[in-house]
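Structure record follows, encoded as structure tokens.
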Amino acid sequence: MSSAPAPAPAVPQAPGTLRAGLAHPVALVRWLWAAYMTPGRPGRATTPTELRWIYTAWLAAFLLKMLGSSWDVSWHFKWLRDDLAPPHLLNTVGTAAVVVLVLFHSYSGYGVDRRALRLMQVGIGTFLVAIPIDILNHRINGLDITSWSPSHALLYIGTAIMLAGALRGWWLYAAPGRIRDLVSLGLWLFFVENVVFPNQHQEYGVLSLAAYEAGRTTAEPSLLDFAAAQGQTPSMFMLPVPSWVHPAWLICAGLLSLVVARKVVGLRWTATVIAVVYLGYRGVMWLGLVATNFPPSVLPVGLLAGAVLIDLAVTRRVPGWAAGLLVAAAVYGVAVPLASLGLLPPWNWWSVLPVAVGFALLWAGVDALAKSSWLARWRLADEPAATAEPAAV
């Protein structure tokens, strides 16, 4: 005669409110661990409340990463690089939270299907591999504040992949409604911010170089002396890439991500809202940095002009090949007065034709993908938990 199975350990009582939980963090962690850190497969049943808490944690983690990375750009235009600089530490806290979330999804199976989980795992893996590579790169090459290095590219790619996993998981399992839309917009905001982040080098560099040439540099002497010892002039490390890079990346990467966001979320002004919030955030950061004596940047106002036109084009079903040409031309047009006011990094105006054609082709590719059978299959949840055999009783 078989013995009776051992009773499952009792789960501690849940905190009555969030305030009560935060007031007793040890008890909160014990409850969370006992209640949710149980093994499961992707597609495990998750209540709407649980899903909101999980993806609110994702938003909080990426907010910390965004704050740290935004501060980090300005920091590098003032001080020599330091692995333990405050903006690096703030970014690290956000990264640690993401690692915890990916481990949680991997172990429990809550809030993700198998494809979303794989994206999260590959993304955080790429990001973590990039960190020591980036540190080694700085050790070997000395001064390297450019956002356009291969090691930094790995960081952006890893972040984009893990955010794609979070976007997929939330969109698959959240119930349609206002909360679903708001969290989706928040995740897409972080995605777009990560995509356009490299351009901040030129956006900070143009003002830093102007201040240097005017005799009121915002860089500390130690940074300028180290650059000189490395054989670099101020213009070489403040504006290190060709003048066609900023407009090409703003349009063919930044605006393209807004096109995808608009089509996925489906709200009439999706791209515009994301651009407004992003520029508002950059404006608040500008005020904070100036108030604390850190270098400021120009803002990519052209992103907003492009976002409004994207929303209008998608709403009116303008083909991507035509909309891409018109939007790119409009953004270059908006850039002309900005350049005359000194509010734009150096732009190569002759790049308008290849950039417009490239953006049109990319947008047409997004339109074709949206109608493909591959995307229809990709939208289906891949849930091992749903097909697993029920446990024997």
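Overview of results
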item: Answer label for Cα extents along the principal axes in Å (calculated), chosen among (1) 71, 41, 41; (2) 64, 52, 39; (3) 88, 51, 37; result: (3)
item: Electrostatic dipole magnitude of the stretch 162-287 [Cβ: Lys, Arg +1; Asp, Glu -1; Cα centre; debye, to 20]; result: 760
item: Segments 72-79, 274-281, 349-356 sorted - mean Cβ within 10 Å per residue, highest first; result: 72-79, 274-281, 349-356
item: The chain - charge dipole about Cα centre, Lys and Arg +1 at Cβ, Asp and Glu -1, debye rounded to 20; result: 1160
item: Full-stretch length increase - residue 225, residue 34 - with 0.36 nm per residue and alpha-carbon distance subtracted; result: 63.2 nm
item: MRE, 222 nm, helices only [DSSP H, n ≥ 4, -39500 (n - 2.57), over the chain, to nearest 500]; result: -22500 deg cm²/dmol
item: Where trypsin sites (Lys or Arg not before Pro) fall in DSSP loop in the stretch 265-348, at most 16 other Cβ within 10 Å; result: 268, 316, 317
item: Protection proxy ranking of 358-370, 374-386, 171-183 - average other beta-carbon atoms within 10 Å, highest first; result: 358-370, 171-183, 374-386
item: Dipole of the chain, positive direction: furthest Cα of 306, 283, 378, with charges on the beta-carbon; result: 378
item: Cα-centre dipole for the stretch 84-187 with unit charges at Cβ (Lys and Arg positive, Asp and Glu negative), debye to 20; result: 320
item: Over 25 Å [Cα-Cα, the stretch 274-393], rounded percent; result: 48
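Values in this text are rule-based calculations from the coordinates and carry no lab data. As the structure is a computational prediction, the values presented were derived from the model and not from experiment. Ideal geometry is used to build each Cβ from the backbone, glycine not excepted, and the neighbour counts take in all protein chains shown.
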